[in-house]
Each structure stands twice: as structure tokens, then as C-alpha cells.
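Please read the structure below before turning to the comments.
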Amino acid sequence: MSRGPSSEPAPEAAEATAGRGAELVAQILRSVPERLGAHMGGLYLFSDDRQLLELVMTFGAARQFTRPWQHVGMTVPIPVVDAARDGRVVWVGGAEEMARRYPRVAVAMPYAFCLAAVPLVARGTTYGALFLLWPGAHPSELAPRERDALDQLARGLTEVLAEAARAGRPVRPGPIPVVAENRSADPLATMSARLPEGVCDIDLDGRLAAVTPTAAELLGEPVEKLLGARLWSVLRWLRDPVYEYHYRAAVIGGQPTSFVALRPPDRWLSFRLFPDASGVTVQIAAADVARPDGQGERPAERTVHTRPGALYHLLHLASALTEAISVQDVVTMVSEQILPGFGGQAVAVLMAEGGRLRIAGHRGYPAGLVDQFDGTSLSESTPGVQASTNPVPAFFETRAELERLYPDRHETQDGMAAWAYLPLVTSRRLIGTCVLAFAEPHRFDTEERAVLTSLGGLIAQALDRARLYDTKLVLAHGLQESLLPRALPAVPSLDISARYLPCTEDMDVGGDFYDLIRVGPDSVAVVIGDVQGHNVNAAALMGQVRTAVRAFAAADADPSTVLTRTNRLLADLDTALLASCTYFCVDLVRREAWLASAGHPVPLLYGPDGRARALEPLTGVVLNVDPAAEYPQIRIDLPIGTTLVLYTDGLIDAPGTDPDQAVAGLIATLARYGREPLDRLADALIGRAGQADHRTDDIALLLVRSVPR
């Protein structure tokens with residue numbers, strides 16, 4: 001008998017489901033090829049802060065293909081993000097539609113396939129999204145039967161995720177996505193099941209898992225050497241990128257493909273690739289290729305030694321660098337997208353500033369190794385100085401070659417064996433150099449040198465933008481800090497703690513502010529506010545609002561009068577910007593406060609009895625809407641042990657979060673940590689928002705606690 005929609009699993013069943021949630025998810029994904037005919041797919045779940053989708057598990061996809069998409073932000077224009085954000089199924093019926101609707105995906109994966117992205121939603125909670133790929137030969141529309149099967153699949157996955165979450169053991173992403181493989185214990189049996197001939201089996205990592213003796217003989221290498229290796233690395237005559245293109249087209253497109261290659265000196269071989277969700281079967285046979293004189297070019301005659309996949313990494317880098325914000329973002333993207341494409345191990349970006357060599361960023365070197373070169377005088381003769389002052393690329397294929405030009409230089413002792421020094425030139429200015437380092441000697445042929453040199457210009461443009469961003473960010477944060485109080489005054493009978501976190505989505509100064517003002521021997525004013533916008537105008541208005549509030553408070557005005565006068569002042573300033581504000585006037589002797597609010601998020605209160613709740617003042621409209629607006633006030637008792645929590649909306653208005661649920665979460669946190677010292681309580685309330693890499697708004701938090709004198 002089926003369970004009704006409102007019934008809940010027994011606690012023991014829920015715990016068992018949660019404990020093996022990942023296993024159940026893997027079982028469902030492994031069933032997809034048979035149930036739906038899709039050959040590849042994966043499961044994305046929201047990160048804890050719901051700012052990212054994280055790839056948890058895949059089937060039919062090697063990590064080398066999914067690595068660039070392991071973590072995606074909720075603003076990235078790809079199908080799985082649209083599905084999770086909008087709560088709808090996204091279907092892309094082929095390469096042309098992909099290029100039209102999602103050009104970034106089409107550039108990174110220029111293959112023929114159809115794609116579906118399905119949101120995973122249960123009881124109003126979106127856990128993430130599932131994506132599936134079909135061969136390009138699939139009809140451009142899903143059949144009703146397929147759509148029903150897709151809905152059933154999504155419901156099954158969502159039920160597993162929801163039950164695991166309810167049991168307190170949610171399915172979470174690991175350091176790398178798990179691969180749900182449909183692989184038998186005997187790779188030869190799997191291979192033979194696909195194509196019963198002398199063939200090779202390539203696993204999801206692109207390595208040879210099985211090779212028949214006939215295939216080994218055709219390839220000219222023993223089975224032992226081929227097993228565990230990639231065809232492109234073990235056979236030099238297959239290092240033309242066009243051959244790996246065919247391999248990638250088969251894997252991502254999900255359809256058979258073929259090519260012909262010349263095994264030196266004169267043996268032509270045909271390769272037919274047959275993919276499925278567990279790997280690729282390669283059929284290799286002798287080919288009869290006639291080549292009349294003067295017609296065409298034999299593949300083996302090309303002198304192309306660029307590492308396979310380098311062009312794909314370049315495409316990924318070109319796309320990713322458009323989103324690079326800081327200098328470290330540029331360094332990270334080069335290390336993730338370029339180093340794998342050329343076999344490098346480390347990268348460093350060097351800049352010439354103030355007569356000295358500066359290390360702008362690095363990755364892949366042991367901690368502290370590169371930093372010791374920071375500050376090298378530009379008068380010294382080192383490869384880094386030369387590359388940062390001369391717009392000519394330099395390539396050193398061995399350590400001996402480098403040390404012949406720079407003997408006894410400490411900079412060469414970085415543990416590497418080959419280097420490429422790429423000048424970073426933008427707008428005819430040399431702004432630095434990018435160093436790619438290799439752990440083993442590396443041959444840079446003509447084509448690879450040309451590609452890497454051109455790459456320097458791409459990095460230079462991104463780096464120039466990033467440096468400008470970093471500079472403006474420092475200035476913006478400096479301005480922000482100058483507009484906020486450097487320290488809050490000590491007040492008898494009160495403990496005070498404050499936090500301020502700038503947004504991370506742009507470089508402009510925000511309008512959040514807070515203050516604590518002594519207005520008499522036994523009274524103090526507490527204010528927090530938020531001016532609309534993130535720019536210099538918002539910052540200037542914030543300074544004016546804060547100054548006005550201090551002036552009106554100094555006149556010993558009550559909260560209602562302070563906000564009324566501030567509202568009229570904003571109207572007189574003829575600005576279109578709005579501002580919210582909450583103002584307390586605390587009587588330190590009577591231990592009471594009067595409160596007025598202008599459209600600001602509700603304050604929270606933690607009482608001596610351990611109860612946490614939201615205050616509900618008679619909130620007036622935000623400032624600068626109605627010059628004649630009035631702001632009623634209420635009285636609040638503040639016995640010893642009472643804590644007031646004031647905050648700006650950046651703490652509760654994160655994308656994808658219900659503000660009411662966010663306030664409820666703050667109240668729950670306040671109830672749990674309300675008796676802790678204020679600094680610990682502030683850290684707990686900031687919590688996940690403070691740890692987020694991406695914040696779309698500033699956050700101000702001010703805590704006031706009534707304590708004995």
C-alpha cells in the first residue's frame with residue numbers, strides 16, 4: 001500500500017534512509033541509462049549558504065569534464081542554475097539551441113547532445129537540480145513518456161534527499177564529486193558487452209582499463225604499458241588535438257565517432273569509439289588509406305605537440321576570466337585552466353612596482369617559497385626581473401638551460417625543472433609577467449610557444465581589471481571605515497558589541513551605519529540604519545543621516561522627534577535615495593528604552609528569562625518618502641540580563657532565502673546563544689553570512705546588553 005503524502009517514515013526507517021542517502025542516490029543515478037536512455041548526468045545540491053550549486057555525484061562523466069563546473073554560482077547562465085533558481089524543467093534540444101540560449105556552455109562543450117535540467121523540490125524546499133544528457137540524435141523535444149519518467153526520477157531523488165535531511169544526516173558534497181559507475185568486476189566483460197571484438201576499454205578518467213592483445217599489437221606497445229595510461233600520453237603519434245576532439249565528442253555527445261591516424265612509419269589505423277555511461281569502447285583496425293601525391297596531409301606529418309585539451313582549457317579560461325574580480329581570482333583561474341592543459345605544476349604572477357619585483361599571487365609552490373623573492377631589486381639579474389621589465393617571452397626547457405643564463409641565482413632554486421615566462425602587456429603597457437613552472441623538463445615547440453605568448457595578453461587584460469578592482473575596493477572599504485565609528489563609547493550599565501561586513505559583489509561603499517551616542521549623564525541613544533544603494537552618493541547621504549541623528553539626539557529629543565526631523569532633513573536635501581533607521585533612547589537609571597523605527601528590520605530581544613523574540617514597534621515609513629510622516633514610539637523594559645539585537649537587512653535578505661524564515665533563524669540562534677558573552681553571540685548571529693564568499697549587501701550588527709553597574 002502506498003504511503004499518503006502527509007505520512008512520515010518511522011524514525012528507524014528515516015535514520016536508515018539518511019545513513020545510506022548517498023548510496024540510494026547513486027543507485028537511482030545508475031538506473032538512468034536504462035530508465036531514460038540518458039548516457040550522462042549528475043546531481044547538484046545547494047551549498048550551506050545557498051549561493052552555490054555544488055556537484056555531488058555524476059554518472060557517465062569523467063572528473064576532467066566536470067571539474068570546471070564543480071561549483072557554480074547562482075548567477076552563472078547555465079541550465080542547471082536556471083532550473084534550481086526558477087523551479088522549472090529546462091530542456092535544450094540540441095547544439096544549435098544550446099549556442100542560442102547558453103553560449104558559454106556551447107563554447108566549453110561544442111558537441112552534439114540534448115540536455116535536461118530538473119529542479120529537486122519537496123514541500124517548498126529546493127534541494128538542488130539534476131542534469132541529464134542524451135545523444136544528439138535524440139528528438140529535439142521530450143516525449144510525454146520521457147517527461148513522466150523524468151518527473152518520477154526527480155521525485156525519487158527528492159524523497160531520498162528530504163528523508164535524509166529530516167533525519168539530520170543530509171546528503172552533502174564531498175571534496176570531489178562521487179562517480180556512480182555501472183562497472184562490472186571484469187572490465188573485459190564490460191568492453192565485450194559493448195562490442196565483441198579486439199578492442200580497448202577507456203574508463204571515465206580517460207585511462208585504458210582493458211586492452212586486448214590484438215589492440216596492443218596494432219598500437220605497437222605492450223599491454224602492461226598501455227593499461228592505466230591515456231592513449232594521447234602513451235602514444236606520441238596520437239598527440240594531435242584533433243584526435244582528442246573526437247574522443248571528447250563521443251563522450252559528451254554520447255554517439256559513436258571515428259577517425260584515422262598514421263602509426264609511424266607507414267601503418268594507417270582506424271579508430272571507432274563507442275561510448276556509454278560507464279566509459280568508451282575503442283575498436284582499432286588496420287585501415288587502407290590511399291594518398292595520391294600532393295593531395296592532403298598525413299596526420300603523422302604534422303609537428304603538433306601541444307598537450308591534448310589545451311585549446312579546451314584556453315576556452316574555459318577565456319570564459320572564466322571575464323568573471324575574475326581580484327588578482328588572486330586571476331591566478332587561481334590560470335592555475336586551474338591553463339596548468340592542466342600544458343602539464344604545468346605551479347604559476348606565479350610578478351609585477352614591477354617601485355623599483356622592485358612584487359609577487360602579486362602564486363599557486364602550486366610550497367608555502368613561503370615564492371614569497372622570499374618578493375622585493376627583489378629590479379637592478380638584479382634574475383629571470384623574474386628580466387621578464388617583468390622586458391616584453392619578450394622566455395622559455396627554459398631544462399634547469400641547465402636556465403642556469404646557463406642565470407648562474408647562482410637563488411630565484412632558480414624553486415624545485416622546478418622548466419619554465420615559461422609570459423609578458424603581460426595590455427594597452428601597450430608591460431604590467432608584469434606570468435610564470436608557468438613544470439616539475440619535469442618540458443619541450444616548448446613553436447605552436448605551444450605561440451599559444452602561451454598569446455595567452456599572456458588575455459591574462460594581462462584580466463589582471464589589469466583585477467588590480468583596478470583591488471585598488472578601488474581598498475579605497476571603498478577605507479571610506480566605509482571612516483564613516484563608521486572607530487570605537488563605541490563605554491557606557492556604565494551596558495555591554496556593547498558591533499560587527500560590520502561589506503558586500504563582496506561590487507567595489508562600492510555601502511550605506512549601512514550604526515552609532516551609540518551619549519545624550520545625558522544617565523541616557524544614551526542607540527541607532528542603526530541603512531541608506532539605499534552602494535555608491536559614493538549612498539555613502540555621502542549615510543554620513544549626513546548619521547550626523548543629523550547625532551545633532552538631533554544631542555538636543556535631547558525623543559526617538560519619535562529624532563526620526564521625524566531626520567526625515568524632513570532628507571526631504572530638504574532633494575535626494576531620491578531612501579533610508580531605513582531604528583532609534584533607541586535608553587534610560588540607564590530606570591533601565592528602560594523608548595524605541596521608534598522607520599521601515600527598518602524588526603529588532604530582537606533576549607530577556608533574563610531566556611526567551612528570545614522579535615519586537616514589534618509601530619513602524620513608520622522609510623525616511624524620505626513622506627516629508628510629513630510621523631514615527632510613533634514604544635517603551636521597552638531593560639532589566640539586567642536583557643540583550644537588544646539590531647541589524648541591517650543584509651543579514652536576512654540573502655538570495656534564495658525567505659526573510660521571515662531568516663528572522664526566525666536569528667531568533668533561534670539568539671535563544672541558543674543569548675547567555676554567551678556578546679562577542680560570541682555576535683559571531684553566532686553573523687554565522688553563515690560572515691563565512692559566505694558572496695554577499696550581495698552590507699551587514700551591520702549592533703548588540704546592547706543591560707548589565708549591573
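Taking a ≥ b ≥ c as the square roots of the eigenvalues of the Cα gyration tensor, an a/c ratio of 1.5 or more together with a/b larger than b/c marks segment 227-279 as prolate. log₁₀ I(q)/I(0) of segment 44-168 at q = 0.16, 0.23 Å⁻¹, via Debye over equal Cα point scatterers, no solvent, to two decimals? One equal scatterer on each Cα of segment 44-168 leads to -0.80, -1.57. Protection proxy ranking, highest mean first, for peptides 522-530, 63-71, 365-373: 522-530, 63-71, 365-373, where packing is the per-residue count of other beta-carbon atoms within 10 Å, averaged. Of interest is the spacing of the C-alpha centroids, which for segment 51-68 and segment 205-244 amounts to 26 Å. Taking label positions 7 Å along the Cα-Cβ direction at both VAL234 and GLU23, the computed distance is 3.4 nm, reported to one decimal.
About its Cα centre, the dipole of segment 356-450 is roughly 420 debye, where the only charges are +1 on Lys and Arg Cβ and -1 on Asp and Glu Cβ. Within the shell of other residues whose beta carbon sits under 11 angstrom from the beta carbon of PRO659, the net charge comes to -4, with Lys and Arg scored +1 and Asp and Glu -1.
Packing around the peptides 23-30, 244-251, taken as the average count of other Cβ atoms within 10 Å per residue, puts them in this order, highest first: 244-251, 23-30. What the Cβ-Cβ distance of THR214 and ARG88 gives, at R0 = 35 Å and to the nearest 0.05, is a FRET efficiency of 0.10. Shape of segment 330-454 from the C-alpha gyration tensor: rounded (a/c under 1.5, with a ≥ b ≥ c the square roots of its eigenvalues). Measuring between their Cα centroids, segment 339-391 and segment 129-174 lie 47 Å from each other. Sorted on the mean count of surrounding Cβ atoms within 10 Å across their residues, most packed first, peptides 375-382, 676-683 read 676-683, 375-382. Available extension along the chain between ASP48 and VAL392 is 119.2 nm, counting 0.36 nm per residue and deducting the alpha carbon span. Computed from point charges on the beta carbon alone (+1 for Lys and Arg, -1 for Asp and Glu), the dipole magnitude for segment 45-176 about its Cα centre is near 240 Debye.
Here, each number is a calculation from the coordinates, and none is a lab measurement. As the structure is a computational prediction, the values presented were derived from the model and not from experiment. Using ideal geometry, Cβ is built from the backbone for each residue, glycine included, and neighbour counts are taken over all protein chains shown.
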